[in-house]
1. Evaluate the following for Q305: is it open to solvent by 50 Å² or more (accessible area, probe 1.4 Å), over 26 Å from F262 (Cβ atoms) and in contact (Cβ under 8 Å) with a residue 12 or more places away in the chain?
2. Would segment 62-77 turn up any residue that is crowded, with 18+ Cβ neighbours inside 10 Å and under 19 Å from M415 (Cβ atoms)?
3. Which number in (1) acidic (D, E); (2) out of contact with any Ser or Thr (no Cβ under 9 Å at 6 or more places or on another chain); (3) open to solvent by less than 50 Å² (accessible area, probe 1.4 Å) marks the one condition that E212 misses?
4. Being over 23 Å from L156 (Cα atoms) and aromatic (F, W, Y) narrows it down to one residue among Y107, Y56, Y71; which is it?
5. Identify, by number, the condition in (1) among the hydroxyl-bearing types (S, T, Y); (2) surrounded by fewer than 15 Cβ atoms within 10 Å (Cβ to Cβ); (3) part of a helix (DSSP H, G or I) that T470 doesn't meet.
6. Please determine, by comparing only the residues of segment 524-539 that are open to solvent by less than 40 Å² (accessible area, probe 1.4 Å) and of a type outside the set (S, T, N, Q), which one is nearest to I77 (Cα to Cα).
7. Residues A74, A91, A14, A99: which one is among the hydrophobic types (A, V, I, L, M, F, W, C), touching a strand residue (DSSP E or B) at 6+ places or on another chain (Cβ under 8 Å) and closer than 25 Å to V318 by Cβ?
Amino acid sequence: MSKEQKSWRKLDNAALLFSADNNIRDTRVFRFYCELKEDIVEDVLQTALERALEVYPIFQATMRAGLFWHYLEASDIKPVVVEEYKEPCRALYVRDKKALLFEVTYYKNRINFEVFHALTDGTGATLFLRELVKQYLLERYKELPDVSLHPEDMTLQDQENDGFAKYYTKRKGSKIKRPIAFQLKKIVPSYKTLQVSEGTLDVDVLLKRSRELGCSMSVLITALLICAIHQEMPKLQERKPIVLMVPVNLRKFFASTSMLNFFAWIEPRYNFSEEPGDFESVLATVKAYYAEHLTAERMEEHINQYLSLERHPIGNFVPLIIKNWGIAIGSRRRRQEITAIFSNMSVVEMPEVYTPYIERFGVFTSTPKMELCICSYEGDISLGFTSRFDTTNIQRNFYRLLEEQGVKAEVKEPMYPETDTPNLTSLTIYKWFSFACILAAVICLTVNFLGGHNSWWSLVAVAGIGCLWTTISVGYYKRNNLLKSVMWLYVLLTCGSMVWDAAYDFRGWSVDYVFPAISIVVLLSMLIISRLQAHTAKEYMIYFLMAAFYCIAVSVVLILLGAVKTFHFPVIASALAFLVVVVLMIFKWKDFKEEMSKKFHTRHNG
C-alpha cells in the first residue's frame, strides 16, 4: 500500500443511519460465507485472516462517538477466528464497548464473515471474503499460485474514498410521497433467533426464463416475491401496496473503488386493490418501475437527497444524542413504508485455479422484517431468506411460484451448530431491582399517607430510592465503559444533590462541599481506572477533559450567581481540574489535538 492508514475517518452517508439505528431485532449485521469442499482448519483460517487484513486494513476499526457524529477509529485489536458459537447476525456493535465491527467464524466446511453495515456494504464484504478465501487456500494448499484479486496499484485512499461525497452535486430532485405499505405480522419474541432458510437454483435456467419473459433476473425475482407475499395478504389489507426495498450498487453507475458503503435503493411496489392480481400484470408493473427508476439520474437524486440532509447547516451541529433519536424515529417511520427487502449481491468470481476447492458462496442479513438476499457463483444462485416472523409460508409460496415458472429450487437443510442463547439473567435481575425500587417507594408513600403525619418524610425516602436506582441504572447500561459511567454519575449526582438542597431552602451544602468533593473523587477515580485498564491517551483523554471543564464551568457559574458561601473547596476542585487540562495539553498535545478534531468534527471540515 502506498499510503499509511489514517488514525480515524468519518462515516459515509449510509453508515450514519446504521450507527444511530440498530437494536436486538435489527443488528445491521450481514453474513457472507463460503463453503469449501473440505472442513476448515482453524489455525490456517487465522493466518488467512491476518493476511487479508494486510490487503484491506480499513476493516481493522472500532466505532466511536463524537459530539456531533460517530466516526471510525483504527484499532490494534487482533481478531481471533473461532468456531461458530452464536446465532447468525447477532450484534457486533455494542455501544460503549471497544470491539471490532466484523467477525470471522467457521463451521465444518464453511467460512463465515459477518460485518456491521456501518463498516462496508455487500460489495466491500464480497471483496474481503474473496481475499480471505484465497489466503486460506494458499496457506492450506501450498502448491497453489497466488493470483491477485485486486489492482496491484490499489491504495488505502482508494479503499477509503467516500463515493457519496465524491458524486454529490446539490441538484435537487422531486420529492416522492410514499404511502404506508402492507406490513407482515406474527413477529417472534426479541430473544428468539433470526429465522434463516436457504436454497439454490440453476442460474442458467432462471436466466433462460427471464429472457423468455423479456426481463432481468432481478425483475423476475422481485415480481415473484411480491406475489408470494400477496398470497398471505388478508383481503382487507389489499388497499395497501406491497413495497420491496431493493438496494442498488452505485458503483455500476459511478466509477468507484471504495470499500465503504456506496449504495442506494429503489422501491418497486404493487397495489392489488387497484391493479389486476395475475403474475403477468405484476411482472409488467415491476419491469416498468425498474426501467424508470434504475437510472444514473435517479441514483444521483438519491445521493443528493441524503447528502443534503447530512450537510444541513443546522442539523450538522445538533448533538449526537439528539441526532440519534431523530434518525431512529425517522428510520422507524420509513420502515412503515416497506413490506420486505430484496438484495441481489450479484456474481462472486474467483480465479479458475481456486474453483476446484470451493463449493459455493452465500449471503443473508439481519432484518426487522423479511429479506431475501441472493448471490451467484459458478452457475448456481444461492438464496438466503431471513425474517423476524413466526412463519415460513412466504418462502414456501416463493419456491412454488418459481417452480410454476419452470425453475426448480433446492431447499438447503440448515447447517448450524447448537448456538448459545442471549444471556438475559442480568436484564432480569435489573428488572427485578427496578420493581423493588418502585415497590419500596410506593410502600413509603402509602405508610406516610395513612399514618397521618404532618411531615412528608416519604418524599426524602423516595428521592433516596431514586438516587440509588439512577446510580445502578447508569452502571448497568454504561458497564462497557467505566470512564463514561463515572462521567454520567458525576453529572447526575452533583445535579441531584443541588436539586435536593434547593428543595430544603438551599442551605448551600451541595455547592460548598458535595460538588467539589465529588469532583475530586471523579478525577481520582478516572486516573485509577485508566491505570488499571491500561487505557491509552486517546481512550481516556476526552473523559478527563469533560470532567475538568464541567467542574470549572459549574464552579464559575455558581460563584457568579452567589450560590457559593464557602469558597475553599470549590476553588481547590477547580484548580485541580485546571491542572488536569494543563497537564494533558503539555504532555499529550498531539493526542489532545487529535481527540478534539475527532470529537468535534462536522460533515464539512476535515
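The values are calculated or read from the model by the stated rules, or taken from the named source; none is laboratory data. Since the structure is predicted, the reported quantities are computational estimates derived from the model, not experimental observations. Reconstructed Cβ throughout: ideal geometry from the backbone, glycine too, with neighbour counts over all protein chains shown. With ligands, DNA and RNA removed, areas are computed over all heavy atoms of the protein, side chains included. Shrake-Rupley method; radii C 1.70, N 1.55, O 1.52, S 1.80 Å.
1. Here the answer is no, as Q305 does not meet what is asked.
2. Scanning segment 62-77 turns up no residue that is crowded, with 18+ Cβ neighbours inside 10 Å and under 19 Å from M415 (Cβ atoms).
3. Result: E212 passes all but (3).
4. Answer to the selection: Y107.
5. Here T470 clears every test but (2).
6. E539
7. That would be A14, the only listed residue that is among the hydrophobic types (A, V, I, L, M, F, W, C), touching a strand residue (DSSP E or B) at 6+ places or on another chain (Cβ under 8 Å) and closer than 25 Å to V318 by Cβ.
Matching residues to (1) under 23 Å from C34 (Cα atoms); (2) under 24 Å from the mean Cα position of the chain (by Cα); (3) surrounded by 13 or more Cβ atoms within 10 Å (Cβ to Cβ):
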{"position": "D380", "(1), (2), (3)": "yes, no, yes"}
{"position": "L383", "(1), (2), (3)": "yes, yes, yes"}
{"position": "A436", "(1), (2), (3)": "no, no, no"}
{"position": "T446", "(1), (2), (3)": "no, no, no"}
{"position": "L450", "(1), (2), (3)": "no, no, no"}
{"position": "A463", "(1), (2), (3)": "no, no, yes"}
